[in-house]
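Quick notes on the structure that follows.
The values are calculated or read from the model by the stated rules, or taken from the named source; none is laboratory data. These numbers come from a predicted model, not from an experiment. Neighbour counts run over all protein chains shown; Cβ positions are idealised from the backbone, glycine included. Surface accessibility is based on the protein's heavy atoms, side chains included, excluding ligands, DNA and RNA. Shrake-Rupley method; radii C 1.70, N 1.55, O 1.52, S 1.80 Å.
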Amino acid sequence: MRRRDFVTAAGAAGLALWTRGLFEGAAAASHSAIPFGAAVSDGPLQTDAAYQKALIEHCQLLVGEGGLKWADLRPSPSQYVYDQPDRLIAFAEANGMKMRGHTLAWYAAMPDWALQLKGETETSRELMTHIETVVGRYKGRIPSWDVVNEALSDDGPRVGLRDSVWSANLGEYYIDLAFHTARAADPAAQLVINDYGLEAATAKSSARRRAMLDLLRRLRDRDVPVQALGFQAHLPGNEEIDKDEVSRFVSDVKDMGLDVLVTELDVIDDQLPADIKERDAIAAKRVGALLGAILDVTRPTAVVTWGITDRYTWVPIWYKRADGHANRPLPLDEDYREKPMMRTIKQAIAGA
Ligand code: XIL
């Protein structure tokens, strides 16, 4: 049966049932309805015992900050370097956690050789072989994949398809190909389309919500096997969350038979006040507003933050504070103490 027929026949409820068992075992360990997880940095995972302990204490799900990105995995056309994901999945499984996969088709973190791919035949062959090989290797062990990351462009008021070697050589069809190939490689995995900038009360974010809905409708009409939309949710601290619009957006996404999840939550705090109490309170408020807007409509299948501690975060790479103070984007501070954001997340997912 084709997926669209299935959705029509069984209704959205059928799909929701199917995804409930997705991270089975993981959420049970925490007694919360929704599994919580974090992105993991490979270096400290190997060297910092306190970091390991925090991940074990708080998480039911892990995802590599890198490791499964093309640049890490594919230094040359013939190589697949599995060291990082193998280390992470071993750590996850040894501690009763599940792992998400990030990511199979993205414009960034590409090795030079792959940026040189030319023409439809070569590009589709490389994309398919990569996905078959990588998803196939972890079949049954990675229950959820960010198949396509950041498909939407970010270069002005008109939101279109993001430039990449994939879109340049295959057009929007690269998305179809990536999802169909992932579906064939692991029929049981949750296949996610993941993007950012979908939450704020700004004209830009509103245009991105519209563009994402349009894209999801086209994918549905072409029977592309997408199961869920991932909100990266790198929340700009100085922008309000548009709770009503986000709820409406989630409800439109659900009406298409899709689930939602939060994949890379943190708060970009470079524009927030220096005062730590004030800054942490605003960050927690943003997180609470986003989770509330989603939970008013549905249960996300997971809530994952992009790191667990302020000690290890990507945020200063792009959003260093002008006053020289350290960024505080994550649920634990740099000494692994829980911040208001962690309490907000726990309350939200426990109450769901
Ligand atoms: C970031 C990682 O956290 C960094 O360590 C790396 O140097 C660059 O990529 N959106 C994504 C993630 O989908 O893959 C990015 O991760 C952060 C933004």
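Here the stretch 187-201 is the region considered, the condition is being surrounded by 22 or more Cβ atoms within 10 Å (Cβ to Cβ) and part of a loop (DSSP other than H, G, I, E, B), and the residue that is nearest to the ligand (Cβ to nearest atom) is G197. The condition of being closer than 21 Å to I193 by Cα, more than 12 Å from the ligand (Cβ to nearest atom) and out of contact with any helix residue (DSSP H, G or I) (no Cβ under 8 Å at 6 or more places or on another chain) holds for only one of T133, T123, that being T133.
When residues in the stretch 326-345 are screened for being over 20 Å from A233 (Cα atoms) and either open to solvent by less than 10 Å² (accessible area, probe 1.4 Å) or of a type in the set (K, R) (or both), 1 of them pass.
Residues checked against (1) in contact (Cβ under 8 Å) with a residue 12 or more places away in the chain; (2) open to solvent by 10 Å² or more (accessible area, probe 1.4 Å):
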residue	(1), (2)
T47	no, yes
A50	yes, yes
L61	yes, no
G66	yes, yes
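On the stretch given as the stretch 136-181, residues that are open to solvent by 10 Å² or more (accessible area, probe 1.4 Å), within 16 Å of the ligand (Cβ to nearest atom) and under 18 Å from D86 (Cβ atoms) total 0. Exactly one residue among A207, A184, A211 is farther than 22 Å from A293 by Cα and part of a helix (DSSP H, G or I), and that residue is A184. Read through the list (1) at pLDDT 95 or above; (2) more than 21 Å from L61 (Cβ to Cβ), then give the number of the only condition that R158 fails. Going through the list (1) at pLDDT 95 or above; (2) more than 21 Å from L61 (Cβ to Cβ), R158 breaks only (1). Inspect all residues belonging to the stretch 240-247 and state whether any of them is closer than 23 Å to D269 by Cα and of a type in the set (S, T, Y). For the stretch 240-247, residues closer than 23 Å to D269 by Cα and of a type in the set (S, T, Y): absent. Exactly one residue out of V287, V246, V304 is in contact (Cβ under 8 Å) with a residue 40 or more places away in the chain and within 16 Å of the ligand (Cβ to nearest atom): that is V304. Of the residues contained in the stretch 142-159, none is found to be over 24 Å from D259 (Cα atoms) and in a helix (DSSP H, G or I).
Here D323, D296, D275 are screened, and the one residue that is open to solvent by 70 Å² or more (accessible area, probe 1.4 Å), more than 14 Å from the ligand (Cβ to nearest atom) and within 23 Å of the chain's Cα centre (by Cα) is D296.
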